[in-house]
1. So, residue 6, is that one touching a strand residue (DSSP E or B) at 6+ places or on another chain (Cβ under 8 Å) and either surrounded by fewer than 20 Cβ atoms within 10 Å (Cβ to Cβ) or free of Cβ contacts under 8 Å to residues at least 12 places away in the same chain (or both) or not?
2. Residues of the stretch 106-155 being part of a loop (DSSP other than H, G, I, E, B) and either closer than 22 Å to residue 59 by Cα or at pLDDT 85 or above (or both), which ones?
3. Would it be correct to say that residue 102 is more than 16 Å from residue 29 (Cβ to Cβ), modelled with pLDDT of 85 or more and surrounded by fewer than 16 Cβ atoms within 10 Å (Cβ to Cβ)?
4. Considering only residues of the stretch 55-83 that are part of a loop (DSSP other than H, G, I, E, B), at pLDDT 95 or above and surrounded by fewer than 14 Cβ atoms within 10 Å (Cβ to Cβ), which is farthest from the chain's Cα centre (by Cα)?
5. For residue 21, which of the numbered conditions (1) out of contact with any strand residue (DSSP E or B) (no Cβ under 9 Å at 6 or more places or on another chain); (2) closer than 26 Å to residue 136 by Cβ fails to hold?
6. What about residue 48, is it in contact with a helix residue (DSSP H, G or I) (Cβ under 9 Å, 6 or more places away or on another chain), in a loop (DSSP other than H, G, I, E, B) and buried (at least 16 other Cβ atoms within 10 Å of the Cβ)?
7. Does residue 90 count as assigned to a loop (DSSP other than H, G, I, E, B), modelled with pLDDT of 95 or more, surrounded by fewer than 17 Cβ atoms within 10 Å (Cβ to Cβ) and more than 14 Å from the chain's Cα centre (by Cα)?
8. With respect to the numbered conditions (1) in contact with a helix residue (DSSP H, G or I) (Cβ under 8 Å, 6 or more places away or on another chain); (2) surrounded by fewer than 17 Cβ atoms within 10 Å (Cβ to Cβ), which one is the sole condition not fulfilled by residue 134?
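The values are calculated or read from the model by the stated rules, or taken from the named source; none is laboratory data. Quantities reported herein were computed from a predicted structural model and do not represent experimental measurements. For neighbour counting, all protein chains shown are included, and Cβ atoms are generated from backbone atoms with ideal geometry for every residue, glycine included.
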């Protein structure tokens, strides 16, 4: 795909709540020739997904505000603002906001494609909106679609472990 490049202004881009994480799409696969997806996330206090595995893409977080607790395999670290962590595909991982204020970070997904999952399970919104929460219908949709995007969900842990 030939591209002349593109610019994304601050606060530009669609936003979706995926349970307790607000995701803003900065660059999607259709804009990068499938090379990568870049998102900005806000995770509310005590928020974050269960342990999961990405089978198709590597993932990397660059924390912009707050401290993000990240577990990779059996090792847990707190990534402070300015910190970066790479999560290779095939490795169980999770992230959790153990603080009292939202954590903001960029997520790089290589190659692109996972944004389709977020778009399919997310609810349009903004930081001023209340998150949709974990309704049985929303969780069922996540479980239904995760395997189609190469995501293996694991529920053997509790938040903050």
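1. When the stated conditions are applied, residue 6 passes them.
2. 111, 112, 113, 114, 122, 125, 126, 150, 154, 155
3. So residue 102 does not fit the description; no.
4. 82
5. Unmet for residue 21, out of (1) out of contact with any strand residue (DSSP E or B) (no Cβ under 9 Å at 6 or more places or on another chain); (2) closer than 26 Å to residue 136 by Cβ: (1).
6. No: the conditions fail for residue 48.
7. yes
8. Just one mismatch for residue 134, condition (1).
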